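Student: The following block contains the structure, expressed as structure tokens.
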Amino acid sequence: MSSENENVERSGGTEPEQLALIRESVRKAKAPKAKPRTWRGAALAKELPVARVVVDKGVLHLDRYFDYAVPEELDEAAQPGVRVRVRFGAGARNVRDGRREGGGLIDGFLVERCAESDYSGPLAALAQVVSPEPVLDGELLGLARAVADRYAGSLADVLQLAVPPRHARAEKRTSPPAPAPPEAPDAGSWRRYARGPEFLAELAAGGAPRAVWTALPGPLWAEEIARAVQATLASGRGALVVVPAGRPAARVDAALRALLGEGQHALLTADAGPERRYAQWLAVRRGSVRAVVGTRAAMFAPVRNLGLVVVWDDGDGSHSDDNAPFPHVREVLELRAARDKCGFLLGGWSCTVEAAQLVESGWALPVAADREQVRAAAPLVRTVGDDDLARDEAARAARLPSLAWQVAREGLKRGPVLVQVPRRGYVPRLACERCREPARCRHCAGPLEARDSGALVCAWCGRDEAAWHCQECGGFRLRAQVVGARRTAEELGRAFPAVPVRTSGREQVLDTVGAAPALVVSTPGAEPVAEGGYAAALLLDGWAMLGRPDLRAGEDALRRWIGAAALVRDQGAGGTVVVVAEPTLRPVQALVRWDPVGHAVRELAERAELGFPPVSRMAAVAGAPESLADFLGQVELPPDAEVLGPVPMPSTEPGRARRPGDPPPGERWERALVRVPPGSGAALARALKSAQAARMARGAGAQAGVRVRIDPGDIG
């Protein structure tokens, strides 16, 4: 250390330190930039000998580009966008602050070629060009960076979601030339909606309309999406459709094939397998296919000359990625619509609060049918509330109220009847029969559930509980809090012995059922489509969905009910829906009136009054109590930020499978919510990202992690 620096340290004065910083900056400005060279003296490319690389190291304090020298033998293959392998760490000497780090080989993407590097020392050379196929262009890189900044994540993590793993055989295949654009479609069933034909016409003319579309119940939604895609292709542009699961993706795929024929679009889902999916993705990137239908990961599909993005059923939890930085399809497609100046269509049978906000802000226009058409297309909805259940002898003796039993009996004379149960399994939740205290495991305090064999098993740790007794009252008898789909199917089979009973849930999801009379017991989201529509539907245990301690409980319950009721025949064909829930509650009333938009608008107004999302931006910060307190003490939040909590959080919610990022079983974590008003969301994300990066840089993240999630789906 120089004597000048020693004086600064001893004196602690500000002026000598400033002088030292000024001299250092002047010295760096005068120092000539060294020509790129490798520390092993390898021959370099004659032109643009510096490669700027984003390494596959998803940690925030390394979220930047690194410079490498381009060896002469890799000059031709090392083009922007290709996959490369580089030496990263000790001996690499490409970190711009001059530090030496570990020296293993790591994957990355070559972003650009440069004539010189900002770093004046020797650069490590590119170790390998994995493939000459350019998979990362400037447009996809810009989108990935925008998503990383919005969600306080790293670019490498987003690129892992955006670019599928390489498959060599798929890369060797040549993609066919792009087909000629189709003709503009007829408006078809879009005539049922106000502004529907105008929306299609504007797309076909090369415009970029933005719409929130409330679809009428029935199977025509897939064909209507296909017509919007056809109108976009007719204008010479590309289209991207993202749906929550493989089954709706297959329906849109079939509608596009029927409307456009083969070769006009690609299907990107996990069901296709890695090789076929990567081949389809390459066809899109190469421009051979200009339309894409897929599930969540398809939101980053590199469609050329993008003219329309579509998201169906944006309230489905499958649209939110479980991997850092947890992007949501709706938000990513909004970014793409703004960046690419293309059309935007958010559709569904229901309506989320976020969709209502897009309309209220003027960012998108509503596309919906008038009330007469809604009433004609929707089934009749009847309710069974607490008072009805109290007076109903059949409901006290069994789970099926008299009204539901009568509707099911009449419906089975005309076709299949759908029964929606909010929980899978046999008896997934149990409580003490005497005091109603939930039955929990003695080892980890997890909820106990009954299997088909009658054995009690912990839903968290999997241990058998052979000698349970209530810790509160000492009782030994149990009762069901929530009855699962398999137990419901068993009970219905006894009530209707001559009718076949089929189940659809997590273990086995049915895609379709025939028109013959049958009872179809399904969990929410797994309802199969019935040929000709269901004659009736029973929505049981509504209190289980409405009673969740979550801000979105009412919205989610209404969305799941409408999703099931939309598969039922209309009133003119005798379609009837019975919902077992208190009829005075707002979501139940919205279902009876079939008014999801009105429900979303009222929810939005209340959240604006209380400062809840999506009116405000919010982040959830979770971790062990000591780590969380340290993080909140270090982060420099915006002046208008408000910290709520921290409060203890459970290991997992009862009835929900573990997801990435959940606290380890048995560990005590806390969570704090950070809220900012509109306009400060970007500043909040930057502050949280900077604090997390600083924490990781000093090694705290490895020992005691803190999880940051922007716009959490579940805030309690």
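Student: Just give me the residues in the range 151-196 being assigned to a helix (DSSP H, G or I), among the aliphatic types (A, V, I, L, M) and surrounded by 12 or more Cβ atoms within 10 Å (Cβ to Cβ), in sequence order.
Tutor: Correct list: LEU155, ALA156, VAL158, LEU159, LEU161, ALA162, ALA170.
Student: List pairs: first in the range 671-694 and under 21 Å from PRO648 (Cα atoms), second of a type in the set (S, T, N, Q) and surrounded by fewer than 21 Cβ atoms within 10 Å (Cβ to Cβ), Cβ under 6 Å, 6+ apart or cross-chain?
Tutor: ARG675/SER616
Student: Another question, then. Consider the range 258-288. How many of its residues are of a type in the set (Val, Ile, Thr) and either under 19 Å from PRO244 (Cα atoms) or modelled with pLDDT under 95 (or both)?
Tutor: Number of matching residues: 1.
Student: Somewhere in the range 567-581, is a residue at pLDDT 90 or above, under 17 Å from THR214 (Cβ atoms) and outside any loop (DSSP other than H, G, I, E, B)?
Tutor: no
Student: Give me the residue from the range 489-520 that is free of Cβ contacts under 8 Å to residues at least 40 places away in the same chain and β-branched (Val, Ile, Thr) and, out of that set, surrounded by the most Cβ atoms within 10 Å (Cβ to Cβ).
Tutor: THR503
Student: Now for a different question. Condition (residue is of a type in the set (Phe, Trp, Tyr) and either modelled with pLDDT under 95 or under 27 Å from LEU591 (Cβ atoms) (or both)) applied to the range 304-323: is it met by at least one residue?
Tutor: Yes: the range 304-323 contains one or more residues that are of a type in the set (Phe, Trp, Tyr) and either modelled with pLDDT under 95 or under 27 Å from LEU591 (Cβ atoms) (or both).
Student: Then there is this: For the range 327-363, enumerate the residues that are aliphatic (A, V, I, L, M) and under 21 Å from GLN230 (Cα atoms).
Tutor: Scanning the range 327-363 gives LEU333, ALA337, LEU345, LEU346.
Student: Taking interchain pairs and intrachain pairs at least six residues apart, which have beta carbon atoms under 9 angstrom, with the first residue in the range 95-118 and farther than 14 Å from LEU62 by Cβ and the second loosely packed, with under 14 Cβ neighbours inside 10 Å and modelled with pLDDT of 80 or more?
Tutor: Cβ pairs passing all conditions: VAL111/GLY138; GLU112/GLY138; ARG113/GLU47; ALA115/GLU47.
Student: Would you say VAL588 is buried (at least 21 other Cβ atoms within 10 Å of the Cβ), among the β-branched types (Val, Ile, Thr), touching a Ser or Thr at 6+ places or on another chain (Cβ under 8 Å) and in a helix (DSSP H, G or I)?
Tutor: It is true that VAL588 is buried (at least 21 other Cβ atoms within 10 Å of the Cβ), among the β-branched types (Val, Ile, Thr), touching a Ser or Thr at 6+ places or on another chain (Cβ under 8 Å) and in a helix (DSSP H, G or I).
Student: Has the range 212-224 got at least one residue that is small (Gly, Ala, Ser), in contact with a Phe, Trp or Tyr (Cβ under 8 Å, 6 or more places away or on another chain) and at pLDDT 95 or above?
Tutor: Looking for residues that are small (Gly, Ala, Ser), in contact with a Phe, Trp or Tyr (Cβ under 8 Å, 6 or more places away or on another chain) and at pLDDT 95 or above, one finds at least one in the range 212-224, hence yes.
Student: Then there is this: Take ARG339 and decide whether it is farther than 12 Å from LEU240 by Cα and free of Cβ contacts under 8 Å to residues at least 60 places away in the same chain.
Tutor: So ARG339 fails the test.
The values are calculated or read from the model by the stated rules, or taken from the named source; none is laboratory data. These numbers come from a predicted model, not from an experiment. Don't worry about glycine lacking a Cβ; one is built from the backbone with ideal geometry, like all the others, and counts go over all protein chains shown.
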